[in-house]
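A short write-up of the structure that comes next.
The values are calculated or read from the model by the stated rules, or taken from the named source; none is laboratory data. Please read all numbers here as calculations on a predicted model, not as lab measurements. Reconstructed Cβ throughout: ideal geometry from the backbone, glycine too, with neighbour counts over all protein chains shown.
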Amino acid sequence: MLTAVKVPRLVLAVPAIAFDLKSVDGNSVGLASFRGKPLMMNFFASWCDPCREEMPLINDLAGKAGKDGYAVLGIAVEDTRAAVMQYAQEAKLVFPIALDLNSTVKRAYRIFGPRDVFH
Amino acid sequence: MAGKQHRGSRPGEENGPKVAFSADKRAYVVWSIPGEKGDKTRANIRFAMDDGKGRFTAARTLNEVKDAARFPIIETTPDGNLLVAWIDRRIDGPKPRQLYLMRLSLDGKSLTKNYQVGEGLCECCKLGIAFADGGKTVYMVDREVDGNKIRNHVLRKSTDSATSFGAPVEINNDGWQVPSCPHSGPSIGRDSRGQLHVSWFTLGRSEQEAGIYYSVSKDDGKSFAPRQLVQANTAPETLYATLAVGNDDRVYLAWSNLDGDNKAQIYLRTLAADGLTWSPVQQLSRAKGNAGRPVLALVKNQLQVAWTETDGEDSRVVLRSATVDNEKSK
C-alpha cells in the first residue's frame, strides 16, 4: 500500500494530475505519453528571470534524460507561442515544451506562477 | 459600464509599455526591448513622443549602460517635465537590482543622465510614482527582495524633485518568501488631503494569506496603517492590482482573481473618502479564457478600466468605462 509522504513542494506516491496540451510545434503532449518513467516537469516563462537562470541546469539534465531513463518536459505558462519558440531557439533547449496557454495545468498543479519544478 | 475591444495584443509579463500625457495632450511612451542577444531580461529602455504632427518621433534608448534595464515607467511631473524610472541591473551578480531615474523635458531632451536612487529591488515588479508640492515631493513604491528572497513593498520619498530619496519605509511586513518572479508590483495614489494609498498582491507567509491588500499613510509616508485585505485569493494564482484616487478622495481598486470556473477575471471595489466604507466587489470582465493586468484611469467623471483577455492563442485588450461622481464634497 502506498503511503503519501509530504516534503516541501513534493508529495510522493500520489498520481500526477493528467493533462493534454499542445507543444510549440502543435503536436499533442499528454502526461500519459510519459507513463513508465520518471518525469520532471519544469513550469517556466520566457520572461521569467529565475527560470532563465536555472534553465542551463534543466537543459543539461534533459540532455542526459534518454540515457539515464527519465524524461523532462517544459510547460510554458503565461506566455505566447512565438516568445517561447524564440527563447527555446536562443537557449538551445533540448526537451519538449508544452504550451499551457489558458493556465489550466498550472492551476491544476496549484502553482502561483513560474517557476516551479515537479517530478 | 460601456466597453470597447482591440484584438491582437500580446499577454505576458509586467514589463509592458507605459504612456504619459502632458497638459496639452502630447503622448510620451517608454518600453523595453530585448538586448543584443535577444534576452528580454537584459533589455533597454526606449522612448518616443508625439511629434505634434500625428506621428511619433524616432525612438531612442535611455539607459546609458546597455542591456541592463527593464520595467520602465514615465510620468509628467507637476513642474512640467518627464520623470522616467526603471529597474536596472548594471551592477549584476548576486546584488539585487537598482532603481534608476532620468528626467526629460517635454520636448524630449535629456535634463539629467541616468542616476541611481535605490537598490534591493525585486527584479521584475512594476514601479509606482505619485507627486506633491508641485513636483518637489516625489513618492515611489516598489517591491524589495532581501537575501532570504523575502519580498515586501516599500515607499521611497524625495523632497528635492527626485534628485535624492530618503531611506525606504516598509509598507507592511508581508514576509513573502519566494525565489521566483511575481511580476506583480504595487500601485500608489495620493489624495487631496495628502494621504497616500497603496495596493499590492502578496502571498504572505502562507497560501491562506494570499490576496490583494491595501494600506494608507496619513503622515506623508512616515508610516502605514495595518494592511487591509481587499479580496483573498480564490485559488493559487499570482494576482495583479492597480488603483486610482478620485478628486473626492475616493479610492478605486481593480485586480484579477479566479472565478468559480477557475478563470481569471477583473474585479473592482471602491473605498470612500472616510477610509472605512468599502463597496461590494464588482466583477467587470466575463472572459472566456483569462483576464488580467488591469489598468485604471480617472479623468474628470469618467473611470476607465482596461485589461488584457487571452483565450488560447487569441488575445485582446478590453476597455470599459463608467461615469462616476468625482467632485470633492463641499
Flag if B:LYS126 is at negative phi and part of a strand (DSSP E or B): no
The stretch B:201-238 - residue that is modelled with pLDDT of 95 or more and among the β-branched types (Val, Ile, Thr) and, of those, nearest to A:LYS106 (Cα to Cα): B:THR202
Residues being outside any helix (DSSP H, G or I), of a type outside the set (A, V, I, L, M), more than 21 Å from A:ARG107 (Cα to Cα) and out of contact with any His (no Cβ under 7 Å at 6 or more places or on another chain) - total across the stretch A:33-76: 5
Subset tally (residues that are part of a loop (DSSP other than H, G, I, E, B), closer than 21 Å to B:LEU99 by Cβ and hydroxyl-bearing (Ser, Thr, Tyr)) for the stretch B:30-78: 2
Residue ID - farthest from B:SER199 (Cα to Cα), chosen from residues in the stretch B:283-301 that are surrounded by 13 or more Cβ atoms within 10 Å (Cβ to Cβ) and either away from every other protein chain (no Cβ under 14 Å) or of a type in the set (Ser, Thr, Tyr) (or both): B:ASN301
Single condition A:TYR87 does not satisfy, out of (1) within 11 Å of chain B (Cβ to nearest Cβ); (2) among the hydroxyl-bearing types (Ser, Thr, Tyr); (3) within 14 Å of the chain's Cα centre (by Cα): (3)
Any hit, the stretch B:302-314, residues being in contact with a Phe, Trp or Tyr (Cβ under 6 Å, 6 or more places away or on another chain), in contact (Cβ under 8 Å) with a residue 24 or more places away in the chain, in a strand (DSSP E or B) and loosely packed, with under 15 Cβ neighbours inside 10 Å: no
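Would you be able to say whether some residue in the stretch B:133-149 is in contact with a helix residue (DSSP H, G or I) (Cβ under 7 Å, 6 or more places away or on another chain), touching a residue at least 24 places away in the same chain (Cβ under 8 Å), within 14 Å of chain A (Cβ to nearest Cβ) and under 22 Å from B:ASN257 (Cβ atoms)?
There is no residue in the stretch B:133-149 that is in contact with a helix residue (DSSP H, G or I) (Cβ under 7 Å, 6 or more places away or on another chain), touching a residue at least 24 places away in the same chain (Cβ under 8 Å), within 14 Å of chain A (Cβ to nearest Cβ) and under 22 Å from B:ASN257 (Cβ atoms).
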Which numbered condition B:VAL138 fails, given (1) part of a loop (DSSP other than H, G, I, E, B); (2) within 18 Å of the chain's Cα centre (by Cα); (3) not hydroxyl-bearing (Ser, Thr, Tyr): (1)
Output for the stretch B:211-220, where each listed residue is touching a Ser or Thr at 6+ places or on another chain (Cβ under 6 Å) and either free of Cβ contacts under 8 Å to residues at least 24 places away in the same chain or assigned to a loop (DSSP other than H, G, I, E, B) (or both): none
Flag for A:ALA62 being among the small types (Gly, Ala, Ser) and either surrounded by fewer than 18 Cβ atoms within 10 Å (Cβ to Cβ) or within 14 Å of chain B (Cβ to nearest Cβ) (or both): no
Candidates B:LEU253, B:LEU243, B:LEU268, B:LEU239, filtered to the one that is part of a loop (DSSP other than H, G, I, E, B) and within 17 Å of the chain's Cα centre (by Cα): B:LEU239
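Out of the residues in the stretch A:39-73 meeting the condition of being of a type in the set (Asp, Glu) and free of Cβ contacts under 8 Å to residues at least 60 places away in the same chain, tell me which one is farthest from B:ARG70 (Cα to Cα). Can you show your working first?
Keep residues of the stretch A:39-73 that are of a type in the set (Asp, Glu), which gives A:49, A:53-54, A:60, A:68.
Within this subset, residues satisfying the condition of being free of Cβ contacts under 8 Å to residues at least 60 places away in the same chain are A:49, A:53, A:60, A:68.
Numbers: A:ASP49: 12, A:GLU53: 17, A:ASP60: 28, A:ASP68: 40 Å.
Among those that are of a type in the set (Asp, Glu) and free of Cβ contacts under 8 Å to residues at least 60 places away in the same chain, it is A:ASP68.
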Residue list for the stretch B:79-117, restricted to those being touching a Lys or Arg at 6+ places or on another chain (Cβ under 6 Å) and assigned to a loop (DSSP other than H, G, I, E, B): B:ARG89, B:LEU111, B:THR112
Close pairs (9 angstrom Cβ cut-off, 6 or more residues apart or separate chains): within 12 Å of another protein chain (Cβ to nearest Cβ) in the stretch B:188-210, part of a helix (DSSP H, G or I) anywhere: B:THR202/B:GLU209; B:LEU203/B:GLU209
Residue in the stretch A:90-119 that is nearest to the other protein chains (Cβ to nearest Cβ), counting only those that are part of a loop (DSSP other than H, G, I, E, B) and aliphatic (A, V, I, L, M): A:LEU101
Unmet requirement for B:ALA225, which otherwise passes all of (1) surrounded by fewer than 19 Cβ atoms within 10 Å (Cβ to Cβ); (2) in contact with a Phe, Trp or Tyr (Cβ under 7 Å, 6 or more places away or on another chain); (3) among the small types (Gly, Ala, Ser): (2)
Residues being more than 14 Å from every other protein chain (Cβ to nearest Cβ) and either out of contact with any strand residue (DSSP E or B) (no Cβ under 7 Å at 6 or more places or on another chain) or part of a loop (DSSP other than H, G, I, E, B) (or both) - total across the stretch B:178-187: 1
Single unsatisfied condition, B:PHE56 versus (1) modelled with pLDDT of 85 or more; (2) closer than 25 Å to B:TYR115 by Cβ: (2)
